[in-house]
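The values are calculated or read from the model by the stated rules, or taken from the named source; none is laboratory data. Please read all numbers here as calculations on a predicted model, not as lab measurements. For neighbour counting, all protein chains shown are included, and Cβ atoms are generated from backbone atoms with ideal geometry for every residue, glycine included. Please note that ligands, DNA and RNA were not included when accessible areas were found on the heavy atoms of the full protein model with its side chains. Shrake-Rupley method; radii C 1.70, N 1.55, O 1.52, S 1.80 Å.
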Amino acid sequence: MRVRAAPRPGGGLLVVGDVVTDIVARHRTPLASGTDTAAAIQAVPGGAGANVACWAAYRGCPDVRLLGRVGADSAAWHEAALTRAGVRSRLVVDPEAPTGTVICLVDVGAGAERTFLTDSGASLRLSPADWSPALLDGVAWLHLSGYLFFAEPSRAAAGDALAAARARGVPVSVDPASVGFLGE
């Protein structure tokens, strides 16, 4: 039997994870190789970590925070979107890498099956230097995006966050993320 820890009353949720730009292409017919396929295409703020933070705020969590790494190309856009969603973000701007981009192909005719083309960009460059145990002040729960574990230095940053949470007795959850990346 597995016992679930409950968040401590009055504390916030800290999400450490990816912030990316999603390019969502919804198509009604199968992809036509070597030519055009009609689609409705939209750019939206996304990323597994950012999405969890936004959903937690939407569902009524009163104090949601997010630590992530983005490129200068869209940092302000992502920060504004997170703020509108009720998330207090700490976005580290990477001086070299752009914000990650995911192209999401949604086959509307096949039960909304989704296929992703992923360029993680700055998100997997989150490093231990971006982390501070002070980020846990007032936090009752830490959530880690599984994408952080797929590369260094983000794996090290996630490890530091996990160790700091354990030292403080803060419960931790991890989203395992992508089946494809987990398989590798």
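List of remarks:
Residue-by-condition table, conditions (1) of a type in the set (Val, Ile, Thr); (2) touching a strand residue (DSSP E or B) at 6+ places or on another chain (Cβ under 7 Å); (3) loosely packed, with under 14 Cβ neighbours inside 10 Å; (4) more than 14 Å from residue 48 (Cα to Cα):
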| position | (1), (2), (3), (4) |
| --- | --- |
| 120 | no, yes, no, no |
| 125 | no, yes, no, yes |
| 134 | no, no, yes, yes |
| 138 | no, yes, yes, yes |
| 160 | no, no, no, yes |
| 169 | no, no, yes, yes |
| 176 | no, no, yes, no |
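- Cβ-Cβ under 8 Å pairs, at least 6 apart or on other chains, segment 81-103 side closer than 25 Å to residue 114 by Cβ, far side in a loop (DSSP other than H, G, I, E, B) and hydroxyl-bearing (Ser, Thr, Tyr): 98/74; 99/74
- Residues satisfying the stated conditions in segment 140-151, i.e. farther than 11 Å from residue 176 by Cα and surrounded by fewer than 19 Cβ atoms within 10 Å (Cβ to Cβ): 151
- Scan of segment 1-36 for residues that are at pLDDT 95 or above and either over 17 Å from residue 106 (Cα atoms) or assigned to a loop (DSSP other than H, G, I, E, B) (or both), ordered by number: 12, 13, 14, 15, 16, 17, 18, 19, 20, 34, 35, 36
- Near pairs, Cβ below 7 angstrom, 6+ apart or cross-chain, from segment 19-41 (more than 30 Å from residue 65 (Cβ to Cβ)) to any residue that is open to solvent by 90 Å² or more (accessible area, probe 1.4 Å): 25/41; 37/31; 39/26; 40/26
- Whichever residue in segment 77-98 is touching a helix residue (DSSP H, G or I) at 6+ places or on another chain (Cβ under 6 Å) and closer than 19 Å to residue 65 by Cβ and, among such residues, is least open to solvent (accessible area, probe 1.4 Å): 87
- Strands (runs of 3 or more DSSP E) contained entirely in segment 49-130, each with at least 1 residues that are of a type in the set (Ser, Thr, Tyr) and farther than 18 Å from residue 161 by Cβ: 99-107, 113-121
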